[in-house]
Amino acid sequence: MYKVIRILKTCSFREKRISAYTSNMRFFSLSPFSRQADDFGVCFDIDGVISRGHVPFPEARTAYQLLMDHDRNIHIPSCFVTNSLGRNSCRAMQLTEWLGVTVNPEQMVLGQGPLEMYSEYHHKNCLIIGQGQLRQIAAELGFTNVYLMDEVMEAYPLLDASNHEKNTPLVALELNEKELPNIEALVLIGEPKHWECQLQILIDILLTNGKPSGKQNRVNYQTIPVIGCNVDLQYMHKAEFPRFGHGAFLLCLESLFKKLTGKDLEYSVLTGKPSEVTFRYAEHCLSNIAQNHGSFKPLKRMYMIGDNIDVDIAGANLYQRYINAAAENKNCALSASRQPPNNGIFLPQTVTEIYGILVKTGVSFASSGITHSHRDFTLDSDILKPHIILDNVLDAIQYIIKNES
């Protein structure tokens, strides 16, 4: 009846087998690693794996430190693959405090992170949607002509009719519109505040070639590219139940566009889990970390520790399909929005296996089990199967150590 229950039954034999030795590994140390240069890396989700909201799980510190050497330096390449929005430096600082060892910005794979690889958009006039330090985030990704929603609303003050208290006096004043360059791309990196007005104005921009001024400009089809980062419908925070994520905002935008035009909103790029783009970027980051710490042995295996079947586990399995297709010199049947860019920026793709480990501390074990995947990701039953299900991140790291020793 419920997806999680089905998966638990499917994996029950493996979970029973694993529990027999994880219970005896509580004090397992890093010493079993015998190779000088290990050829695997570990990816962690944050919300629901390392922490719940802004409160870290007590076992997370112990788990992460198992990947360090005796001088508390990086021994096993690791990165943090999260769909949340933020600056790499800020998230790394937060994780350093939580985990008790230095986490570097180069280890952060945030939802918008792969956009640094899409240089073809970096010099377009881009409207950036989200919250927080949007200009700084966009600049760090390489965007040079950045506009925010406040600037659009200032240039076209009558577009926001949802706020009656604000809009009514503006209508009476008969304000003149200000000049603003045409928006050439929408970059949706996180859910904004005040969805109702932002949805209205985004639709206006999509149907007017980025210039929502004058009736003659409006058409009935999409006129500019849309980049979407993070399709999570829900995420686990401090509240007892999952909260709406950026995927919920995207769903609203897609539904309104479809209702108004009869056509599907098309994405030029989709990043964040479960997109293959993000896992390709995560492999690139792991390889870069390994090289920066003196290892020149190509990575062969990746582990993804996550709490969300629809994004963490599905993403790992989708990337495995992508890897398999590449090994056979076949084109993986992906939409253009999910194809990693082939522009020579990535380090070589060397991983041959990726394992999705589901932990019970997050969203998949607090939901009804209904599939919440994004419209552009078809997730069959095989894609939703974790390699193994474990209680928490410490059990996951101990399992990896056992598997690699």
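The values are calculated or read from the model by the stated rules, or taken from the named source; none is laboratory data. Values in this document were obtained by computation on a predicted structure and should not be read as measured data. We place every Cβ from the backbone using ideal geometry, glycine too, and count neighbours over all the protein chains shown.
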Quiz item: Just one of 183, 201 is within 30 Å of the chain's Cα centre (by Cα), modelled with pLDDT of 95 or more and part of a loop (DSSP other than H, G, I, E, B); which is it?
Solution: 183
Self-check item: Positions within the stretch 91-127 being among the hydrophobic types (A, V, I, L, M, F, W, C) and either over 28 Å from residue 225 (Cβ atoms) or assigned to a helix (DSSP H, G or I) (or both), in sequence order
Solution: 92, 93, 95, 98, 99, 101, 103, 115, 117
Quiz prompt | Residue within the stretch 43-51 that is modelled with pLDDT under 95, under 20 Å from residue 288 (Cβ atoms) and of a type in the set (Gly, Ala, Ser) present | solution = no
Quiz item: With respect to the numbered conditions (1) of a type outside the set (Gly, Ala, Ser); (2) within 24 Å of residue 319 (Cβ to Cβ); (3) modelled with pLDDT under 95, which one is the sole condition not fulfilled by residue 81?
Solution: (3)
Practice problem: Any chance you could count how many residues in the stretch 73-90 are buried (at least 24 other Cβ atoms within 10 Å of the Cβ) and assigned to a loop (DSSP other than H, G, I, E, B)? | Solution: 4
Quiz item: For residues in the stretch 226-246 being aliphatic (A, V, I, L, M) and at pLDDT below 95, which is farthest from residue 204 (Cα to Cα)?
Solution: 239
